[in-house]
Amino acid sequence: MKSALKSDLLRALPSVDELLRSAELSRLVALEGHAAVADAAREVLARVRNEIQQDRLDVAGVNLARDGMNEAIHRELRRQAAYSLQPVINATGVILHTNLGRAPLSHAALDHMREVTTQYSNLEFDIEAGERGKRDVHVQRLFARLFGGASESTTVVVNNNAAAVLITLNALAEGGEVIVSRGELVEIGGSFRIPEVMAKSGALLREIGTTNRTRIADYERAITERTRLLLRVHRSNFEIVGFAEQPALGELVALGRKHNIPVVEDLGSGALFDLRTLGIHNESTVAESLSAGVDVVTYSGDKLLGGPQAGLITGRSGLVARIRSNPLFRALRVDKLTYAALEATLMAYLRADYGAVPALRFMTVPADELRRRAEALAGKLRTEAPHLEIEIVETQSILGGGAAPTATLSSVALAVTRSGSHPDQLASALRKSKPPIIARIVDDRVLLDLRTVLPEQDADIARLLMALNR
């Protein structure tokens, strides 16, 4: 009997053709095109059929769905035409949040990207000589100035740090051995595993030491005529503490010089800014690695550097030239958008205008300033959103992006609860707002950490939280 009722309900639904012949949808077809409206109609009908199959609709429900079908198709069409990639408010307190796009770009970077991409540019043209040039020059000159005191180095750009590691190993060690400590055979987000990247590069992994202790003698004993590189890998998202040992970078460089073997360091996040000024240690800068004598350093553009996604390879000119001449380089190179954003970001470093780099600004904003913003928001919400319970709490933000995994920054957050609502429901409602607010749940409260919220987004947070009462 129930099966027969389902069949009756399904037969009561109109076909796509019937819907498109209606006067209202005929007008919509004229505006949006037959294919787009038909796709939206099929999606709406599929949802209603699924509701019927799941016993969630009776006769009255189906009639209601039929009456509202044209409006549902309008909504579905708007949904399909909307961008999937959209801005969100990051209230998690994770500054370099991989899932939320890592480092936001500066306005200067966006302006420069717009300027050079909405018309022709000299991406690979030497204006002075009037002949073909190389795209590297646009940022190499800036890196040279930034690292001038640290090393006579050259920098090239590929599409991310994984690519930088891959092409470096392939160019400098294909068919030979690369010595790596077992404590550095890391896996980071997206299943990026050093042993697998090395295998793809054509280099052979030579593991030494143990997970927690590797000495310089372990490196020296492993060196053979087949050794091509000594590799140091940033541990990215974990630290080994306690009964642990690792050779100093200077020791590794001295060993490489002794045996005429290049030392390559996968630095990961690639800080150009000294985080010790923020009380964060054990996160050396690229310049420090070069000053220590590392031959090639690979690092990311969209983490601690605060620029676009890119893989930067900086090191001795002869070695970097070999990397650049590798056939993989053309497959992994970046476009004018990346060069423009990177150039503008590096300009801020050269001017020591660190506040112009959003990621650095988030790191350096004083907790007192965050508290003032939190008090202003809380005062407004307590008056205009009485169904929400608002408390100002101290919390800890983190850098994210695989940088200084145990380091934290003192921060201030709004702890929000709504009567009769589970914190998961409140967090879900915030994610579905426009723009979405991404928060975290701690102790059954939704925490909005203001360290990663732009000051101009405070008004949006207040508006969206107040709207939850309506």
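The values are calculated or read from the model by the stated rules, or taken from the named source; none is laboratory data. Quantities reported herein were computed from a predicted structural model and do not represent experimental measurements. Counting neighbours? That spans all protein chains shown, and the Cβs are built from the backbone with ideal geometry, glycine included.
Data table
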item	result
Residue selected from region 377-400 under the condition in a loop (DSSP other than H, G, I, E, B) and not hydrophobic (A, V, I, L, M, F, W, C), by the criterion surrounded by the fewest Cβ atoms within 10 Å (Cβ to Cβ)	Pro386
Candidates Thr338, Thr345, Thr285, Thr277 - the one that is polar (S, T, N, Q) and buried (at least 24 other Cβ atoms within 10 Å of the Cβ)	Thr345
Residues (small (Gly, Ala, Ser) and either surrounded by 14 or more Cβ atoms within 10 Å (Cβ to Cβ) or assigned to a helix (DSSP H, G or I) (or both)) located in region 13-57	Ser22, Ala23, Ser26, Ala30, Ala35, Ala36, Ala38, Ala40, Ala41, Ala46
Check on Arg226, of a type outside the set (Val, Ile, Thr), surrounded by fewer than 21 Cβ atoms within 10 Å (Cβ to Cβ) and modelled with pLDDT of 90 or more	yes
Yes/no for Glu283 being in contact (Cβ under 8 Å) with a residue 40 or more places away in the chain, of a type in the set (D, E, K, R) and closer than 18 Å to Arg232 by Cβ	yes
One residue from Ala109, Ala65, Ala60, Ala72 being in the same structural domain as Leu346 (by TED's automatic domain parsing) and either among the aliphatic types (A, V, I, L, M) or more than 27 Å from Leu346 (Cα to Cα) (or both)	Ala109
Selection within region 6-59 - of a type in the set (Val, Ile, Thr) and within 18 Å of Ala81 (Cα to Cα)	Val29, Val37, Val44
3 or more residues within 17 Å of the chain's Cα centre (by Cα) and either within 22 Å of Pro104 (Cβ to Cβ) or assigned by TED's automatic domain parsing to the domain that holds Leu172 (or both): qualifying helices (runs of 4 or more DSSP H) within region 282-375	336-350, 358-364
Qualifying position, being on the phi > 0 side of the Ramachandran plot and either at pLDDT 90 or above or touching a Lys or Arg at 6+ places or on another chain (Cβ under 7 Å) (or both), among Gly68, Gly33	Gly33
Residues of region 341-399 satisfying the condition of being charged (D, E, K, R) and in contact with a helix residue (DSSP H, G or I) (Cβ under 7 Å, 6 or more places away or on another chain)	Glu343, Arg361, Arg373, Lys380, Glu384
Residue, farthest from Thr227 (Cα to Cα), within region 163-206, restricted to residues that are modelled with pLDDT of 90 or more and of a type in the set (Asp, Glu)	Glu174
Checking Ser419 against (1) among the polar types (S, T, N, Q); (2) surrounded by 13 or more Cβ atoms within 10 Å (Cβ to Cβ); (3) at pLDDT below 95, the condition it does not meet	(2)
Of all residues making up region 351-394, the number that are touching a residue at least 40 places away in the same chain (Cβ under 8 Å) and over 25 Å from Gly420 (Cα atoms)	15
Selection status of Gln86, part of a loop (DSSP other than H, G, I, E, B), surrounded by fewer than 16 Cβ atoms within 10 Å (Cβ to Cβ) and touching a residue at least 40 places away in the same chain (Cβ under 8 Å)	yes
Residue selected from region 99-122 under the condition polar (S, T, N, Q) and assigned to a loop (DSSP other than H, G, I, E, B), by the criterion surrounded by the most Cβ atoms within 10 Å (Cβ to Cβ)	Ser106
Of all residues in region 58-83 being among the hydrophobic types (A, V, I, L, M, F, W, C) and surrounded by 13 or more Cβ atoms within 10 Å (Cβ to Cβ), the one that is farthest from Arg440 (Cα to Cα)	Val62
Residue under evaluation Ala462, criteria (1) more than 22 Å from the chain's Cα centre (by Cα); (2) without any contact (Cβ under 8 Å) to a residue 12 or more places away in the chain, criterion not met	(2)
Matching entry among Phe143, Phe125 (being in contact with a strand residue (DSSP E or B) (Cβ under 7 Å, 6 or more places away or on another chain) and surrounded by fewer than 17 Cβ atoms within 10 Å (Cβ to Cβ))	Phe125
Unique match (being modelled with pLDDT under 90 and outside the structural domain of Leu278 (by TED's automatic domain parsing)) among Ala439, Ala404	Ala404
Where a residue in region 164-178 is not assigned by TED's automatic domain parsing to the domain that holds Leu332 and its partner, wherever it lies, is polar (S, T, N, Q) and modelled with pLDDT under 95, with Cβ under 7 Å and at least six apart	none
Ser428 without any contact (Cβ under 8 Å) to a residue 40 or more places away in the chain and either assigned to a helix (DSSP H, G or I) or buried (at least 19 other Cβ atoms within 10 Å of the Cβ) (or both)	yes
